[in-house]
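See below for the structure under consideration.
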Amino acid sequence: MRPLVRVTSNVAVLDRADVDTDQIIPKQFLKRIERSGYGEFLFFDWMKDPEFELHRPEFAGAEILIAGRNFACGSSREHAAWALEDYGFRVVLAPSYSDIFRRNAVISGIAPIELSEVTLGELKSTVSAVNELTVDLEALEISHPSGLRVPFELGSYERETLIGGLDDIARTLEREDKIAAFEAAHS
Amino acid sequence: MADKTLFEKIWDAHVVDDGEPALLYIDLHLVHEVTSPQAFEGLRREGRKVRRTDLTVATMDHNVPTEPGPIRDPLAKAQLDALAANCEEFGVPLYATGSGREGIVHVIGPELGLTQPGKTIVCGDSHTSTHGALGALAFGIGTSEVEHVLATQCLVQSKPKTMKIEFVGELPFGVTAKDMVLGAIGEIGIDGGVGYAIEYAGPAIEKLSMEGRMTICNMTIEGGARAGMVAPDETTFAYLQGREFAPAEIPAAWRELRSDPDAKFDRVVTIDVSKLVPQVTWGTNPGMVVPVDGVVPAPASPEDERALTYMDLKPGMPITDIVIDRVFIGSCTNARIEDLRAAAAVVNGHKVAASVRAMVVPGSAGVKRQAEAEGLDQVFTNAGFEWRQAGCSMCLGMNPDILAPGERCASTSNRNFEGRQGAGGRTHLVSPAMAAAAAIKGRFADVRELG
Ligand code: SF4
């Protein structure tokens, strides 16, 4: 996984609540047995609509996505996180996420950052003037060229995983003694 | 010692390493073809093994065709072949198509007695919450987590908050577990459960069969919660009796698996089921739901407006005026034997409306055998239903069973998302009895009035 310390980029805004993972990556692409190459299928059906938000020229190449409440709800398919990452997104800013997506995102190298609706509203109006944000996982801060600074929270385990690009399995295997002890006590 | 909830009892008994997040031991890992290939590939790449093949079981469900004959879709075939090869290479038991034990992963777990009270159960599928109906702590995980559990038999998990949904009152005639859970989702909203593990309780839950409890726990994820559970009781123990992997004697510890009287929940919701009416979803998520005697609501948000456009419905239209093209009775929500019996009871002696194409897809090979032994397949086929082989089928349309664009379907599945059953398809979620009634009438009908 690519480490994620700091991102400076333009921002894409998808102002819809309850976007489900069936929309992010429809089922026909889940038959693939690879882990990469899902970006071109991101929002496959919605992309057919020329009016779809992500087609706006000012959103092209964005690595930061502002999304609505309960983002990526529904199916547990990690392919949704892979598709977002492969398309180029490294950070999502939203009022809330589904529990499963939050884990999938971190493991796939995307920071799912939770911000209040009020703060997001402020960020949206700020980027509509000058479309650029910096998201800094070390400083736990979002900043805008205008001088606006917004702090955010991220669990320390998630933050370490993202900043270090760490392999979750290797981290758990370091606790082999505890796993073995649990198994011995329960066999 | 402080009083604990059922959730806390199971959680505490499985903590390998405390902390935020905790490291949790997993007692049963269910695997299917769609969310596992990249996980096995990861193991191979890193030279890792499956730590506990004795706690891992695989099946084929999402992709399998439900008509006899070979698989025509080369991608689906490649994925099924990959699962078979991976299970062989890593020593994971596989209930493949044709084994007689195959079926939708959340149907066969309980059916084979693999799902048991007090276990921690995971699967790369969000409807793993189903298994909570037997008093297990069960939740869906992503593919990287599948790989993590295969390699370590543990899962990194943040401890959720706890919610109790208490169903009180007497369930009226014609109102089912599906209506209870749709009503509950309508009440808390589709993100009302985010961050929670839910325990369903109350007299209306205690009276429900295991199938009914599974329907409710299954749809927990549609309210945003990862896990839903019901305390095991005599109904649970009777259900498990004699099942292949269930213990011959009920372990004493199972009887302790209930929330203590003074256990604290972070949130409590009470729902009076005596006021419930059969539910029908009108929109593009399971929270967009109304009683069958109601009307399509006026939009209250941009999401509602988008949903009305997608579903091609006008506010104020009576639900019973909505004409349907297809009926799907199936999925891990409602394709167990009791569901098929309920649908067959409505269908018996009637014909599917000429304008409707209707199908029944049993949840497992076992359910199919049982239904055929009871003659239910005859009831359905005599009425004009197609009777298929077990699988996920049109719940998500990864196999050839899909809606054509614009087609409208009364479905017993769990998700009415845009395109879920086929691009451009329109899904209305209902109970098996309501789906059967819709098949006969060619539009939604109040099953209570059909008698
Ligand atoms: S029946 Fe539907 S919801 Fe259930 S496991 Fe299969 S695809 Fe998922």
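Hey, any hits in the range B:395-405 for a residue that's under 24 Å from B:CYS217 (Cβ atoms), within 14 Å of chain A (Cβ to nearest Cβ) and polar (S, T, N, Q)?
no
With the condition being among the basic types (Lys, Arg), I'd like the strands (runs of 3 or more DSSP E) fully within the range A:89-187 carrying at least 1 qualifying residues.
On the way: elements: A:91-94, A:111-114, A:133-136, A:141-143, A:149-151.
Because the criterion is at least 1 residues that are among the basic types (Lys, Arg), the strands (runs of 3 or more DSSP E) in the range A:89-187 that meet it are A:149-151.
Output the residue which, of all residues in the range B:106-138 that are open to solvent by 10 Å² or more (accessible area, probe 1.4 Å) and of a type in the set (A, V, I, L, M, F, W, C), is nearest to the other protein chains (Cβ to nearest Cβ).
Going through the qualifying residues, I end up with B:LEU114.
Residues checked against (1) within 16 Å of the ligand (Cβ to nearest atom); (2) modelled with pLDDT under 95; (3) closer than 27 Å to B:ILE198 by Cβ:
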residue: B:THR236; (1), (2), (3): no, no, yes
residue: B:ARG258; (1), (2), (3): no, no, yes
residue: B:LEU276; (1), (2), (3): no, no, yes
residue: B:PRO286; (1), (2), (3): yes, no, yes
residue: B:PRO291; (1), (2), (3): no, no, yes
residue: B:TYR310; (1), (2), (3): no, no, no
residue: B:VAL323; (1), (2), (3): no, no, no
residue: B:CYS332; (1), (2), (3): yes, no, yes
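Could you run through the range B:387-409 and say how many residues are in contact with a Lys or Arg (Cβ under 8 Å, 6 or more places away or on another chain) and either of a type in the set (Gly, Ala, Ser) or surrounded by fewer than 17 Cβ atoms within 10 Å (Cβ to Cβ) (or both)?
Total satisfying the criteria: 4.
Taking the condition of being at positive phi and within 11 Å of the ligand (Cβ to nearest atom), how many residues in the range B:382-417 meet it?
Keep residues of the range B:382-417 that are at positive phi, which gives B:384, B:391, B:393, B:397, B:406.
Still in the list and also within 11 Å of the ligand (Cβ to nearest atom): B:391, B:393, B:397.
Counting residues in the range B:382-417 that are at positive phi and within 11 Å of the ligand (Cβ to nearest atom) gives 3.
Residues that are within 11 Å of chain A (Cβ to nearest Cβ), within 16 Å of the ligand (Cβ to nearest atom) and either open to solvent by 10 Å² or more (accessible area, probe 1.4 Å) or part of a helix (DSSP H, G or I) (or both): does the range B:98-105 have at least one?
The first filter runs over the range B:98-105 and keeps only residues within 11 Å of chain A (Cβ to nearest Cβ), leaving none.
Within the range B:98-105, not a single residue is within 11 Å of chain A (Cβ to nearest Cβ), within 16 Å of the ligand (Cβ to nearest atom) and either open to solvent by 10 Å² or more (accessible area, probe 1.4 Å) or part of a helix (DSSP H, G or I) (or both).
Any chance the range B:161-183 includes a residue that's open to solvent by 10 Å² or more (accessible area, probe 1.4 Å), touching a helix residue (DSSP H, G or I) at 6+ places or on another chain (Cβ under 7 Å) and within 13 Å of chain A (Cβ to nearest Cβ)?
No, the range B:161-183 has no match at all.
Could you count how many residues in the range A:107-128 are within 14 Å of chain B (Cβ to nearest Cβ) and either polar (S, T, N, Q) or surrounded by 15 or more Cβ atoms within 10 Å (Cβ to Cβ) (or both)? Before the answer, list the steps.
Within the range A:107-128, the subset within 14 Å of chain B (Cβ to nearest Cβ) is A:107-110, A:112, A:114, A:117.
Applying the additional criterion that residues be either polar (S, T, N, Q) or surrounded by 15 or more Cβ atoms within 10 Å (Cβ to Cβ) (or both) yields A:107-110, A:112, A:114.
Total satisfying the criteria: 6.
Does any residue of the range B:16-29 turn out to be under 29 Å from A:GLY155 (Cβ atoms), in contact with a Gly (Cβ under 8 Å, 6 or more places away or on another chain) and either among the hydroxyl-bearing types (Ser, Thr, Tyr) or more than 14 Å from every other protein chain (Cβ to nearest Cβ) (or both)?
No - not one qualifying residue is present in the range B:16-29.
Go through (1) at the interface with chain B (Cβ under 7 Å from one of its Cβ atoms); (2) in contact (Cβ under 8 Å) with a residue 60 or more places away in the chain; (3) in contact with a Pro (Cβ under 9 Å, 6 or more places away or on another chain) and name the single condition A:PHE101 misses.
For A:PHE101, the failing item is (1).
State the number of residues belonging to the range B:412-446 that are within 14 Å of another protein chain (Cβ to nearest Cβ) and either closer than 21 Å to A:SER76 by Cα or under 15 Å from the mean Cα position of the chain (by Cα) (or both). Reasoning before the result, please.
Taking the range B:412-446 and keeping what is within 14 Å of another protein chain (Cβ to nearest Cβ), we get B:413-427, B:429.
In the following step, the residues that additionally are either closer than 21 Å to A:SER76 by Cα or under 15 Å from the mean Cα position of the chain (by Cα) (or both) were identified as B:413-423, B:427, B:429.
Going through the range B:412-446 one residue at a time, the tally reaches 13.
Only one residue in A:GLU51, A:GLU34, A:GLU40 is more than 19 Å from A:ASN70 (Cα to Cα), acidic (Asp, Glu) and more than 14 Å from chain B (Cβ to nearest Cβ). Which one?
Details: A:GLU51 fails: more than 14 Å from chain B (Cβ to nearest Cβ); A:GLU34 fails: more than 14 Å from chain B (Cβ to nearest Cβ).
The unique qualifying residue is A:GLU40.
Looking at the range B:343-356, is at least one residue open to solvent by 50 Å² or more (accessible area, probe 1.4 Å), in a loop (DSSP other than H, G, I, E, B) and within 16 Å of the ligand (Cβ to nearest atom)?
no
The values are calculated or read from the model by the stated rules, or taken from the named source; none is laboratory data. All figures in this text were calculated on a predicted structure; none of them were measured in a lab. No Cβ is skipped: glycine too gets one built from the backbone with ideal geometry, and neighbour counts run over all protein chains shown. When the accessible area is computed, the model is the full protein with side chains, heavy atoms only, and any ligands, DNA or RNA have been set aside. Shrake-Rupley method; radii C 1.70, N 1.55, O 1.52, S 1.80 Å.
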